[in-house]
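Note sheet for the following structure.
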Amino acid sequence: MTLFAALRLPREILFGKGQRAALGTVAARLGRRALVCTDARLSGDPQFQAMMADLRHHGLAVRVDDGVLPDVPRDSAHACAAAARDFAPDLVIGIGGGSCLDMAKCASLLLAHGGSPADYYGERRVPGPILPVIAVPTTAGTGSEVTPVAVLSDPDRLLKVGISSPHLVPQAAICDPDLTLTCPPQLTAIAGADALTHAIEAFMAKRREPDADLAQAHVFVGKSALTDHFALLAIELLSRSLERAFRDGGDEAARADVMMGALAAGCAFGTAGTAAAHAIQYPIGALTHSAHGLGVAALLPYVMTFNRSACLPELAQIGAAMGLDAQGEPLDVFADRVVERIASLLGAIGIPRSLDALGLPRDKRDWTAEQALGIERLIKNNPRLVDLDAMKRLVAAAFDGDRQALTEPQPARSAS
């Protein structure tokens, strides 16, 4: 296959200690009336108040909506946009975790194009540019500050839903690791594990034939030379520092590594996409009401093992990024050691080692497999073909905590 790459990113990405102080300058270049989406806890934080003062100092009128809820309920997004319409914002700023950033994207979309969030569910249904969005993450995990995706919960649907469009990529991302210093250990672990899963699934994603319509017809286009660069950077940083940040939240170097890792993972999967671990998490999250990052990370070692036969070179590169030495081992043996290292890291930060431990009911295993298989935009990105029997076997192994059940001799069935 000829060399191919695709990448969609914000116009400006600022990363580093103290970069939050640039918010007013960046915002003043994009508009004069800012809607700020955050949550009730953050809105009273002195750092948040300092950012609002900076916006006003730069001549911006500011309206703060601090009603963001976890998982962005559909009707809350509609209410946020409706309440801000008379204010007539010309840019939207999201400050907070992934839900705050996703709310900013949804509010900007609805202010620009009207309607309801449900009008835009799926891929490439956003008809044109939205109001400029500035994303200021305070957690290190979702990568929403650089991605074309907003995830919502809809009371009429069991599974979460997504809006995917290049128009949702923020105009600017301001990533200051100091904003993550007060993140509690459990949230640090869940968010960081989510980022690690993004990076690994993006790097192991299917490589597609690069015809001229690929990136024009699809939001997620599979792995490429540029997304691989960001994914490997994320894997390197997260593997060396996520456990440190989990154990010592005041470790500024570890916090910076983890936030840069989450950012790089977002740069990778925002174009490459994710795959089976994310597909399976959707029904599991609906059944167990567990955090997204817990679900995808619990599944990750099993999905890596399932995809092993189609991704031995990628697994070797992941191992190298993590600092592992193959020591002359056969490629398949080294690949197994890489998966074990990932599983050990996730276990060390408290990620459940099985779907049973996560709370999935035993009698819902086959239903989970059926629902996951229906999430085509993710399943088609998996490097190994997944049919219903294979999906049931994968879910059962993850439920039992038995990766060995996925290493039985199987024909290498490529999805290409």
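Quick one: which residues, 5+ away or cross-chain, put their amide H under 5 Å from the amide H of Ala173? H built at 1.01 Å from N.
It is Glu12, Ile13, Leu14, Ala135, by chain and number.
Placing unit charges on C-beta atoms (Lys and Arg positive, Asp and Glu negative, everything else neutral), compute the dipole magnitude of the range 116-208 about its Cα centre in debye, rounded to 20. Write out the running numbers ahead of the final one.
On the way: 7 positive and 9 negative charges, 95 e Å.
Magnitude of the dipole: close to 460 debye.
Take the Cα pairs of the range 182-230, get the Kirkwood Rh, then feed it into Stokes-Einstein at 20 °C and 1.002 mPa s and tell me D in µm²/s. Spell out each step's value before the answer.
Values: Rh = 12.6 Å.
So the translational diffusion coefficient is about 170 µm²/s.
In terms of solvent-accessible area of protein heavy atoms at a 1.4 angstrom probe, what is the ranking of Phe246, Phe203, Phe269, highest value first?
Numbers: Phe246 45, Phe203 0, Phe269 20 Å².
Result, largest first: Phe246, Phe269, Phe203.
Can you give me the angle between helix 46-57 and the longest principal axis of the chain, using Cα atoms only, in degrees from 0 to 90, rounded to the nearest 10?
Between helix and principal axis, roughly 50 degrees.
Using the Cα centre as the reference, give the magnitude of the dipole from point charges on the C-beta atoms of the range 270-414 (Lys, Arg: +1; Asp, Glu: -1; all else neutral), rounded to the nearest 20 debye.
It works out to roughly 260 debye.
Pairwise over distinct Cα atoms, reciprocal of the mean inverse distance: report the Kirkwood radius of the range 229-350 in Å, one decimal place. List each step's numbers first, then the result.
Numbers: mean 1/r = 0.0658 Å⁻¹.
Taking every pair of different Cα atoms in the range 229-350, averaging 1/r and inverting gives 15.2 Å.
Output the Cα-based Rg and Dmax of the range 58-136 in Å, rounding Rg to one decimal and Dmax to a whole number.
My reading of the Cα-based Rg and Dmax gives 11.8, 37 Å.
How large is ³J(HN,Hα) for each residue in the range 285-302, as worked out from phi by the Karplus curve 6.51 cos²θ - 1.76 cosθ + 1.60 (θ = phi - 60°), to whole Hz, x for Gly and Pro?
So the J values, rounded to whole Hz, are x, 5, 7, 9, 6, 8, 4, 3, x, 4, x, 5, 6, 4, 7, 3, x, 6.
State, in angstrom, two size descriptors of the range 293-390 derived from its alpha carbons: Rg to one decimal place and Dmax to the nearest whole number.
In Å, with Rg to one decimal and Dmax whole: 14.8, 44.
In Å³ and rounded to a whole number, note down the convex hull volume per residue for the Cα atoms of the range 338-383. Present the calculation step by step, with values, prior to reporting the outcome.
Values: hull volume 4.6 nm³, N = 46.
It is 101 Å³ per residue.
Just how many % of Cα pairs in the range 161-274 lie over 20 Å apart, if you round to the nearest whole percent? Don't jump to the answer; show the numbers that get you there.
Working: 2811 of 6441 pairs.
Result for the distance tail: 44 percent.
Kindly write out, for the range 129-141 in residue order, the coupling ³J(HN,Hα) from the Karplus curve 6.51 cos²θ - 1.76 cosθ + 1.60 (θ = phi - 60°), rounded to whole Hz, with x marking Gly and Pro.
x, 9, 4, x, 10, 10, 10, 10, x, 10, 10, 10, x
What per residue convex hull volume, in Å³, do the alpha-carbon atoms of the chain yield?
Values: hull volume 52.1 nm³, N = 416.
Convex hull volume per residue, Cα atoms: 125 Å³.
At a temperature of 37 °C and a viscosity of 0.692 mPa s, determine how fast the range 26-96 diffuses translationally according to Stokes-Einstein, using the Kirkwood radius over alpha-carbon pairs as Rh; express D in µm²/s, rounded to the nearest whole number.
Values: Rh = 12.5 Å.
Rounded to a whole number, D works out at 263 µm²/s.
Mind scanning Lys17/Lys160; Lys105/Lys364; Lys17/Lys105; Lys160/Lys223; Lys17/Lys380 and naming the pairs with a C-alpha gap bigger than 30 Å? Don't skip to the answer; put the middle values down first.
Values: Lys17/Lys160 34 Å; Lys105/Lys364 34 Å; Lys17/Lys105 25 Å; Lys160/Lys223 25 Å; Lys17/Lys380 39 Å.
Exceeds cut-off: Lys17/Lys160; Lys105/Lys364; Lys17/Lys380.
Apply the Karplus parameterisation 6.51 cos²θ - 1.76 cosθ + 1.60, with θ equal to phi minus 60°, to every residue of the range 90-98 and state each ³J(HN,Hα) to the nearest whole Hz, in sequence, with x for glycine and proline.
10, 7, 10, 10, x, 10, x, x, x
Quote the charge dipole size of the chain about the Cα centre in Debye, to the nearest 20; the model charges only the Cβ of Lys and Arg (+1) and of Asp and Glu (-1). Intermediate results must be reported in sequence, preceding the final value.
On the way: 39 positive and 46 negative charges, 117 e Å.
It comes to approximately 560 debye.
Along the positive direction of the dipole of the chain (beta-carbon charges: Lys, Arg +1; Asp, Glu -1; about the Cα centre), which of Val36, Phe399, Thr188 reaches farthest?
Positive-most Cα among the choices belongs to Val36.
Could you tell me the center-to-center distance, by alpha carbons, between the range 173-217 and the range 41-64 in angstrom?
Distance between centres, Cα-based: 28 Å.
Is it possible to state the helix-based mean residue ellipticity at 222 nm for the chain, with each DSSP H run of 4+ residues giving -39500 (n - 2.57), the sum divided by total residues, to the nearest 500 deg cm²/dmol? What is it?
Details: 17 runs with 204 residues, N = 416.
Result for the chain: -15000 deg cm²/dmol, rounded to the nearest 500.
How big is the C-alpha Rg of the range 120-205 next to the rule-of-thumb value 2.2 N^0.38 Å, as a ratio? Intermediate results must be reported in sequence, preceding the final value.
Details: Rg = 14.5 Å, N = 86, 2.2 N^0.38 = 12.0 Å.
Its radius of gyration relative to the 2.2 N^0.38 Å reference: 1.21.
How compact is the range 209-299 by the rule of thumb for globular proteins, expressed as Cα Rg over 2.2 N^0.38 Å? Let's see the in-between values first.
Details: Rg = 15.5 Å, N = 91, 2.2 N^0.38 = 12.2 Å.
The range 209-299 yields a ratio of 1.27.
The values are calculated or read from the model by the stated rules, or taken from the named source; none is laboratory data. If you're wondering where the values come from, they're calculated on a predicted model, not measured in any experiment. Neighbour counts are summed over all protein chains in view; Cβ atoms, including those assigned to glycine, are modelled from backbone coordinates with ideal geometry. Note: areas computed on protein heavy atoms with side chains; ligands, DNA, RNA excluded. Shrake-Rupley method; radii C 1.70, N 1.55, O 1.52, S 1.80 Å.
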